[in-house]
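Below: the structure, in structure tokens.
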């Protein structure tokens, strides 16, 4: 019920109310929004339903105990990092020594919302050129996904790639596309300067 | 097609709701809705990881039950903290203050009594 009641209040405001009143109930309402996602992340890393449930409880506890120590600008990113670190700590404890990066949990950190950088104007021609610079798998997946609006499952059926691969081809393809475009814009800029 | 090209680099607005995610996992969404949700999730590492993990749960029906029970625990935990703090903050121990005051008055009276009696003797 509380979820419905407070759905118009954004994460930042809920956090602000918690900081002002020190009432954990606000934190409870905020965390409830992410229970499903937290359980999913824990399942991804721990691959066991019971372990994942325990891990979510530990994440809740950690957040309740430690949220006051941090200056959090973007709660979702901070929570994701706490969740990932908790999963990796559990995995490390379970399997002995696995090299795990845990430095971010130590000390006080400021988490900021990813700021949108000012985008240069990207023409369709530039995008088309960049698309042709992708490798075959990424090109196929990116175009089937964004231009032909297919779901992962459909793309997997059409191409024969497993669904997880399809997802990573789309993500990596998009990242590479940005890199190629940046490179081309820089080349044009330096050409114009000369 | 030209507009769709721009779609590739745009950041989709909003996040899928919990209900939408559950419907997606149960395969209850139409093809277009499925694509829309995947487009929202693909750039968000948190949601992307979560969806990948949730797909590993063998029985989809269980997810809702697990989430509900985790939320109940969370509610209990956050509610308990408040009542404990409220107890501490809202119930000042009046009987203690009162006893200390009485004790102080007795000490002052006893002091005055002996002080006066020694004055009289002198």
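The values are calculated or read from the model by the stated rules, or taken from the named source; none is laboratory data. In this text, all values refer to a predicted model and were calculated from it rather than measured experimentally. Neighbour counts are summed over all protein chains in view; Cβ atoms, including those assigned to glycine, are modelled from backbone coordinates with ideal geometry.
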Exercise for the section: Could you figure out which of (1) more than 23 Å from residue B:52 (Cα to Cα); (2) modelled with pLDDT under 90 isn't true of residue A:102? Expected result: (1)
Exercise for the section: Confirm whether residue B:49 is within 23 Å of residue A:29 (Cα to Cα) and more than 8 Å from chain A (Cβ to nearest Cβ). Expected result: no
Problem - Hits in the stretch B:1-46 - residues which are at the interface with chain A (Cβ under 8 Å from one of its Cβ atoms), in contact with a helix residue (DSSP H, G or I) (Cβ under 9 Å, 6 or more places away or on another chain) and outside any helix (DSSP H, G or I) - result: B:1, B:8, B:9, B:42, B:43
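Can you go through A:157, A:117 and tell me which one is surrounded by fewer than 10 Cβ atoms within 10 Å (Cβ to Cβ), at pLDDT 50 or above and within 14 Å of chain B (Cβ to nearest Cβ)?
Only one candidate qualifies: A:117.
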Practice task
Please find, within the stretch A:160-184, the residue that is surrounded by the fewest Cβ atoms within 10 Å (Cβ to Cβ) out of those that are more than 10 Å from chain B (Cβ to nearest Cβ) and either in contact (Cβ under 8 Å) with a residue 40 or more places away in the chain or in a loop (DSSP other than H, G, I, E, B) (or both).
Solution key: A:160
Completion exercise
Apart from one, (1) surrounded by fewer than 21 Cβ atoms within 10 Å (Cβ to Cβ); (2) more than 11 Å from chain B (Cβ to nearest Cβ) all hold for residue A:86; the odd one out is (1)
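So that you can scan it fast, the table gives a plain yes or no per residue for (1) surrounded by 12 or more Cβ atoms within 10 Å (Cβ to Cβ); (2) at pLDDT below 85:
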site: B:1; (1), (2): no, yes
site: B:4; (1), (2): yes, yes
site: B:21; (1), (2): yes, no
site: B:27; (1), (2): no, no
site: B:48; (1), (2): yes, no
Fill in the blank from the handout: Restricting attention to the stretch B:52-78, the residues that are loosely packed, with under 14 Cβ neighbours inside 10 Å and either assigned to a helix (DSSP H, G or I) or within 18 Å of the chain's Cα centre (by Cα) (or both) number exactly 7
Practice task
Consider residue B:80 carefully, then state whether it is modelled with pLDDT under 90, out of contact with any helix residue (DSSP H, G or I) (no Cβ under 6 Å at 6 or more places or on another chain), within 14 Å of chain A (Cβ to nearest Cβ) and more than 26 Å from residue A:58 (Cα to Cα).
Solution key: no
Completion exercise
Within the stretch A:46-70, the count of residues that are surrounded by fewer than 21 Cβ atoms within 10 Å (Cβ to Cβ) and either facing another protein chain (nearest Cβ under 8 Å) or in a loop (DSSP other than H, G, I, E, B) (or both) comes to 8
Handout entry: Single unsatisfied condition, residue A:43 versus (1) free of Cβ contacts under 8 Å to residues at least 40 places away in the same chain; (2) under 16 Å from the mean Cα position of the chain (by Cα); (3) more than 11 Å from chain B (Cβ to nearest Cβ)
Key = (3)
